[in-house]
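Data first, discussion second: the structure below is written as structure tokens.
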Amino acid sequence: MEFETPCACGTLRRAARAVTAAYDAALAPSGLRITQFGILRKLAHFGPLPVTRLAAEAALDRSTMGRNLNPLERRGLVRIEVGNVDQRERVAHLTAAGEAAIEAALPHWRKAQERIAALVQPSAIGELADQLDALGHVSRFPREVRSRTHP
């Protein structure tokens, strides 16, 4: 039996679970999970966003975004309002309590960053992020275009 290189999907999923667990453990004193912290940071960066756009910015599907926003809304960290133009649209807003939660969580997040950086060089993480971004762009091509341009 010939040994193959490790499955990229399995390896990346295992790494993502391990890194997520490390960040979740570090952020536990703040009461936030890393995904929720990331959502709050996106809202702090972009300002109010339609939930669908926020999901895209966070690389989450719309239903996963809803599951992450619900506890943040219950805690008063975000406010969800009906859109001004389209009444069907829901827009997420960061509240003052959400801003305070980011500030309280930042030292814990930074510790997790330092722990991960001690294990994996930040330049390697940056390189991987660039490669995954490129992979994401390739996967959005229609199948027939992908097969012609990317064997």
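State yes or no: is F3 at pLDDT 95 or above and either open to solvent by 70 Å² or more (accessible area, probe 1.4 Å) or under 30 Å from R88 (Cα atoms) (or both)?
Values: at pLDDT 95 or above: no; either open to solvent by 70 Å² or more (accessible area, probe 1.4 Å) or under 30 Å from R88 (Cα atoms) (or both): yes.
No, not satisfied.
Only one of the numbered conditions (1) of a type in the set (A, V, I, L, M, F, W, C); (2) at pLDDT 95 or above; (3) open to solvent by 40 Å² or more (accessible area, probe 1.4 Å); (4) assigned to a loop (DSSP other than H, G, I, E, B) is not met by A59, and that is (2). Considering only region 32-45, I want to know if a residue exists there that is within 27 Å of Q121 (Cβ to Cβ), among the small types (G, A, S) and at pLDDT 95 or above. So far as region 32-45 goes, yes, one or more of its residues are within 27 Å of Q121 (Cβ to Cβ), among the small types (G, A, S) and at pLDDT 95 or above.
Going by the structure shown, is S123 of a type in the set (S, T, N, Q), assigned to a helix (DSSP H, G or I), more than 23 Å from Y23 (Cα to Cα) and modelled with pLDDT under 90? Here the answer is no, as S123 does not meet what is asked. When region 71-88 is filtered for residues that are surrounded by 11 or more Cβ atoms within 10 Å (Cβ to Cβ) and either polar (S, T, N, Q) or not in a strand (DSSP E or B) (or both), the ones remaining, listed by number, are P71, L72, E73, R75, G76, L77, G83.
Taking the criterion of being hydrophobic (A, V, I, L, M, F, W, C) and either open to solvent by less than 20 Å² (accessible area, probe 1.4 Å) or in contact with a helix residue (DSSP H, G or I) (Cβ under 8 Å, 6 or more places away or on another chain) (or both), the residues of region 31-56 that qualify are L32, I34, F37, I39, L40, L43, A44, F46, L49, V51, L54, A55.
Considered as a group, the residues in region 18-56 that are under 23 Å from H108 (Cα atoms) and charged (D, E, K, R) include one that is farthest from the chain's Cα centre (by Cα), and that residue is D24.
Every condition in (1) at pLDDT 80 or above; (2) within 30 Å of A18 (Cβ to Cβ); (3) in a helix (DSSP H, G or I) is met by V138 except one, and the failing one is (1). Screening S123 on (1) touching a residue at least 12 places away in the same chain (Cβ under 8 Å); (2) under 30 Å from T11 (Cα atoms); (3) of a type in the set (S, T, Y) shows it passes everything except condition (1).
Check region 89-112 and report whether any residue there is closer than 19 Å to G66 by Cβ, exposed (fewer than 14 other Cβ atoms within 10 Å of the Cβ) and modelled with pLDDT under 95. No, region 89-112 has no match at all.
Could you tell me whether A28 is loosely packed, with under 13 Cβ neighbours inside 10 Å and not acidic (D, E)? Yes.
The values are calculated or read from the model by the stated rules, or taken from the named source; none is laboratory data. None of these values were measured; they are calculated from a predicted model. Positions of Cβ are generated from backbone atoms using ideal geometry, with glycine treated the same way; all protein chains shown enter the neighbour counts. Ligands, DNA and RNA are excluded from the accessible area calculation, which covers all protein heavy atoms including side chains. Shrake-Rupley method; radii C 1.70, N 1.55, O 1.52, S 1.80 Å.
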